[in-house]
Amino acid sequence: MFDSLTDKLQRVFKNLRGEGKLTEANMQEALREIRLALLEADVNFKVVKQLLDGIKEKALGQDVLSAFSPTEQVVQIVRDELVRLLGGVHAKLRFANDPPSVFLIAGLQGSGKTTSTGKLALWLSRNGHRPLMVSVDIYRPAARRQLSVIAQTVKLPIYEGAAEQAAPLELASGARREAAQTGRDVVLVDTAGRLHIDDALMQELEQLRGALHPTEILYVADAMTGQDAVRSGEEFHRRLGITGVILTKMDGDARGGAALSIRHVTGQPLKFIGVGEKFDALEPFHPDRIASRILGMGDVLSLIEKVEQSIDQKKALELQQRMLDDDFSLQDFREQLRQLRKLGPLESLMSMLPQVGPLKALQKAEVDPKELTRVEAIINSMTHKERLNHQIINGSRRRRIARGSGTTVQEVNQLLKQYAQARKMMKAFSGGSMQRKLAALLK
């Protein structure tokens, strides 16, 4: 996410620091480089102009040019302007005073509406709500079946409707009635899309809006399509009056042009971003955190929230205690791997770390998810006694474990070596002096 733009901006700031003294001349050159970086990231040219005007006005002031650490002030100015451009504050979902609230999910075909409906339903259920989904896409083959499968996967209810209910409005109205009768407080209406915007599509959406009075009209856009997503969003807002945006496939978008442009062009906030294929890979959009990611400062708050949501706190505390007691077995190692995999792709987690200081090298680390699967397969092929006491694993046992896991003896040896190194490191960290060293390193 934003990889290309982040790298270019990091180079601009590095060059500024290398100047020794900030002048109007080298600041103008830096602004030119920032402008090129934004345009190459497929940011709307009007948005680029507005952003640069804001940065220029503040960064060329004498207070900045003569400051003790002017480059750091410029970085802060760029961050503040990015936050302002992205909406300033986190825009929360709105709910009706008299439930159920109706959320209309709209967008072009292929943008990820149906998957986003399932993701949003799961997010709502984990945040104290009782959602009900309904698909009113009666045109695309198997569209309604797709949402039904998603509902089964996330274990949340869907309104199927009677066989004779073919009209989208009948389906949506039926879902709202059922939600009211069963205590469901949010109805997610997955609407039909087209490959392009046409009158038939917009008229149907306008009819649904007029009859359902939705609390939210969420436009789903594919970040990978860049400015096409922005232009479509502008048209949807003109015709429908969207209240927010869900930007999908952000994990695959190295440029970030759509994310930086869509708020300014539509005037409506980004509310969520899709950051992976799994149904829990939906994040609330926080302008300040995203601005920090773009500038390579990381997003530690989102990382902490992700860990808290995904990790079993009781098991984590038990593992921590065993580490401190030097009683960390291969069985614990396997449990730690399973907890780690719940967090999603490791590349996504590493992208939340600051790209500065000792953590910078982690950004370049390549993690093969197949390696984690292989490690778990090796541990699974061990007996319970072997997992609790690795020292009894002799040559014949290693050959048996390799055969059982479909790996080689060399791979089994490598795992045991890594495990021994991990135990050694954990033992060192259990001492207070090492903890102080780590704290000093990360400052």
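The values are calculated or read from the model by the stated rules, or taken from the named source; none is laboratory data. None of the values given here were measured: they were computed from a predicted structure. Cβ atoms come from the backbone with ideal geometry, glycine included; neighbour counts cover every protein chain shown.
Quick notes on this one:
- Residue match in the stretch 139-159 (condition: assigned by TED's automatic domain parsing to the domain that holds V265, assigned to a helix (DSSP H, G or I) and of a type in the set (K, R)): yes
- Elements of type helices (runs of 4 or more DSSP H) contained in the stretch 352-441, each with 1 or more residues being under 23 Å from Q339 (Cα atoms), modelled with pLDDT under 85 and outside the structural domain of M250 (by TED's automatic domain parsing): 369-380, 409-429
- Lone unmet requirement of (1) modelled with pLDDT of 95 or more; (2) over 19 Å from R144 (Cα atoms) for V187: (2)
- Cβ-Cβ distances below 8 Å connect the following pairs, each with a first residue in the stretch 222-234 that is hydroxyl-bearing (S, T, Y), a second residue that is surrounded by fewer than 18 Cβ atoms within 10 Å (Cβ to Cβ), and a separation of six or more residues or different chains: S232/I197.
- Candidates T153, T117 - the one that is among the β-branched types (V, I, T) and under 16 Å from L208 (Cβ atoms): T117
- Odd one out for I197 among (1) within 23 Å of I273 (Cβ to Cβ); (2) crowded, with 18+ Cβ neighbours inside 10 Å: (2)
- Residues that are within 21 Å of the chain's Cα centre (by Cα) and aliphatic (A, V, I, L, M), drawn from the stretch 109-148: L120, A121, L122, L124
- Among the residues of the stretch 129-137, not a single one is hydroxyl-bearing (S, T, Y), at pLDDT 85 or above, out of contact with any Lys or Arg (no Cβ under 8 Å at 6 or more places or on another chain) and in the same structural domain as R293 (by TED's automatic domain parsing).
- Qualifying residue in the stretch 78-87 (condition: in contact with an Asp or Glu (Cβ under 6 Å, 6 or more places away or on another chain) and within 20 Å of G241 (Cα to Cα)): no
- Screening V102 on (1) under 30 Å from Q207 (Cα atoms); (2) of a type outside the set (D, E, K, R); (3) buried (at least 23 other Cβ atoms within 10 Å of the Cβ); (4) touching a Gly at 6+ places or on another chain (Cβ under 9 Å) shows it passes everything except condition (4).
- When R184, R177 are screened for being in contact with a His (Cβ under 9 Å, 6 or more places away or on another chain) and of a type outside the set (A, V, I, L, M), only R184 passes.
- Among the residues of the stretch 406-418, not a single one is loosely packed, with under 12 Cβ neighbours inside 10 Å and within 13 Å of S329 (Cα to Cα).
Here's the yes/no breakdown for (1) modelled with pLDDT of 85 or more; (2) in a loop (DSSP other than H, G, I, E, B); (3) within 23 Å of G210 (Cβ to Cβ); (4) not small (G, A, S):
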residue: K58; (1), (2), (3), (4): no, no, no, yes
residue: F68; (1), (2), (3), (4): no, yes, no, yes
residue: V74; (1), (2), (3), (4): no, no, no, yes
residue: K92; (1), (2), (3), (4): yes, yes, no, yes
residue: G110; (1), (2), (3), (4): yes, yes, no, no
